[in-house]
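The values are calculated or read from the model by the stated rules, or taken from the named source; none is laboratory data. This is a predicted model, so every value here is computed, not measured. Virtual Cβ from ideal backbone geometry, glycine too; neighbours counted across all protein chains shown. Ligands, DNA and RNA are stripped out before the accessible areas are found, and what is left, the full protein with its side chains, is counted by its heavy atoms. Shrake-Rupley method; radii C 1.70, N 1.55, O 1.52, S 1.80 Å.
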Amino acid sequence: MYRKIIKRSLYNMRDSYLIYILACAFAIGVFGILISLGDNPSVRLSLRSWNSFISDITVMMSGLFAFCAFVYMVYVGGFFIKQQRNEFRTFEKLGMQRWVIVTLSFIQTAIVQAFAWIIGLSGTLIFQKFMGMSLFYLMQLRFNFIMHISWNDVFLLAKMFFFSTLVLSIINAIKAFRILQKKSNNRKIRTRWWLRIPAGIFGLLLLFSAQICTISLFYDMHTISYSSKPFTEILFVMIADIFGTYLVYFGFLPTILNTLQRIHSVSYSGINMFSFKYLKERLFQNISILWFVTELSALALMLLTFCYFGYQAVHRNYNSAYPFELAADENTVGVIKQELKESKAHIRGEYKTEVKINLVSYYRKSNQEYVRQPMTFMSYSDYMSLPKRMRKWNSKINSREFLKIDYNGSIFDNRHFKEHDIEVKDSPIISTVKTGSSFPYGSSMHFGPMMVVPDKYYQKMPAEVEDTFYGWDFKKGDRLSTKQLQKLDNYRDAYYMKVDFKKALNDSTIEVLKKDPRNGDSIYTQSGFLRQGNLKKNFVQGGGFYLFIVSLFSIALLIALGSVLTLRILLRDDYQSRQLRTLQKIGVEESEVKRIVRRENTLTFLIPLVFALAQSVAAIAMSNTGRHISKNIILIYAGYVVLYGLFGLVSFKVSWHGIKHKFSL
């Protein structure tokens, strides 16, 4: 008899259980793939320099992923216990003992989890090769990925299966026991406007204060290494967003729906006067779900945005340091050209720029201190003749303006402020300059900031040291061998500049030395050449691995959000089912019932998405104050909306199929 009860319960909710099992199986499959990557022999052979890093990251990310998946299983698994509330109470009234009902709940949960683990582990075995080859493709590795799961991974998965299933089954058994203890269930939801509206207004104030604090956070982020203020601001923003969003839902959603119900043209038309009331009550009951999905959606969008900004920051710093595949100065260009000739490298582009080095004095705003140092100068015409990629992150200037290029590793702060009063030896003071962070020929070719000046200023300015920079772009790399690179290492430091600073800048001098003086103050080194080589390979590989991990997490989170809303729509209890059947009995046509289901589905998916997008776009807009939002961010958000919408469409199709089959419409 007990086996028949469990079988009937699983069959009656087969559509909902199928969605839940597939979502859990996907999470389990991703978890199995992540833990197997760390000790896969093909990964170790192809990524020797990344071996420990890949292993550490996969262990950390798999642990985080397992925790998130477990929280999802606990949260969503409770939906099915609540769905069987009346069934459990009926069993008790018919004389079934409570411990038997609790045991049935325990066994039912264990069976569902067993199915999810079997499908998930099968997915790990089936898709491990595909996911591994996708990882190698993104990292641009020409290596065959070998399917491999170590015994340690097998034992770990077995332990995870046993303990997670045991814990989830116990949790659901406790929930079933608590349901049996509650004799009555008050379904009526009262909307006290005098309580809800003030709560909603307070929620709006919390959200507004969170946005103001976010602006302050962007300015204080650079102090995170020595100040606790950014951490306090981050904590406040998280708390204000979470509670503010819930209070807005709690305060205004019921009020808006009650107002719409009073507008007859909106709430009903003719005989379907109960349809809007049914829809309103369903949304009332789902306020906590809408809030939960809103916060997770905002978290997902912010995670994608933060990852995008992080990748852009790394990409930007890399291009700033290595704009050319190979760069040199006039002291090493002859040797490098000879080595390139011997390596038979195919040169795609070659650039040459004359520069001057002079002494300057200025006040650095970022560190709030006065600086005296040598600085490299380049004329405006030479700067504009270089590839556009070297000007991408710099302020735009005309032929009469000055540009100071300095280091900037910030993820968010891309504002180009103006600096004043830069004193140059034996030249007019530069009163106002724009700023940038993209160095021509690479930041490593400069020992500090550099300056782009108008042509007339450059021609009239005397130079303490004159030099010429060279840069090359290649087709399929410079093809320099290890032996050639070892030979070029002897020319790594082209020359040294020893500066004798006097009280007056015009009295200070620079002495050029060919050998390292070993000691002394104010010694500056000019690099002889710069090659990206392995750094470019590591950058591409790191970016590919980064994209792989972020994509997995984003897809998994999207599936979790979609399944939560879909299950909430599908799992109608007996009271809601009676409402739909009542509408059917009083003559509501099939098209009208379908429209009710479509409205419910649309609002349930649309409301969290709108709130999440509003929160995310507001934060990004403030971080981009004075500039347009990146097109790539818009594409990321558009892709999320499309995938999220597909889950909504599938949810409607499955929901309507279940209703039509149940009521035989």
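Overview of results
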{"item": "Using a Förster distance of 56 Å, the FRET efficiency for HIS315-ILE586 (Cβ separation, nearest 0.05)", "result": "0.35"}
{"item": "Note, ³J(HN,Hα) from phi for region 104-113, Karplus 6.51, -1.76, 1.60, rounded to Hz, x at Gly and Pro", "result": "4, 5, 4, 5, 4, 5, 4, 5, 4, 5"}
{"item": "All lysines inside 25 Å of LYS344 as judged from Cα atoms, apart from same-chain residues fewer than 8 positions distant", "result": "LYS352, LYS475, LYS476, LYS483, LYS487, LYS536, LYS537"}
{"item": "Region 346-353 - phi-based ³J(HN,Hα) in whole Hz, Karplus 6.51/-1.76/1.60, Gly and Pro as x", "result": "8, 7, 8, x, 9, 10, 9, 9"}
{"item": "Within straight-line cross-link reach of LYS129, aspartates and glutamates at Cα separation under 19 Å, skipping those fewer than 8 residues along the same chain", "result": "ASP39, ASP153"}
{"item": "Exposure of HIS148 as accessible area (Å², to 10), given a probe of 1.4 Å and all protein chains", "result": "60 Å²"}
{"item": "Candidate aspartates and glutamates for bridging to LYS341, where Cα separation is under 19 Å - those fewer than 8 sequence places away on the same chain excluded", "result": "GLU325, ASP329, GLU330, GLU350, ASP473, ASP478, ASP489"}
{"item": "Whole-Å distance, taken between Cα centres, linking region 293-326 and region 487-535", "result": "34 Å"}
{"item": "Separation in nanometres of the label points that stand 7 Å from Cα toward Cβ, at GLU354 and ARG598", "result": "7.4 nm"}
{"item": "Segments 430-439, 558-567, 498-507, 121-130 sorted - mean Cβ within 10 Å per residue, highest first", "result": "558-567, 430-439, 121-130, 498-507"}
{"item": "Efficiency of FRET between TYR407 and PHE130 - r from beta-carbon atoms, R0 35 angstrom, step 0.05", "result": "0.25"}
{"item": "Sequence ranges 473-485, 200-212, ranked by mean other-Cβ count within 10 angstrom, highest first", "result": "200-212, 473-485"}
{"item": "J(HN,Hα) series, region 148-155, from Karplus relation 6.51 cos²θ - 1.76 cosθ + 1.60, nearest Hz, glycine and proline x", "result": "7, 10, 6, 5, 4, 5, 4, 5"}
{"item": "Coarse-grained scattering of region 445-488 at q = 0.23, 0.24, 0.27, 0.34 Å⁻¹, given as base-10 log I(q)/I(0) from a Debye sum over alpha-carbon atoms", "result": "-0.98, -1.03, -1.16, -1.22"}
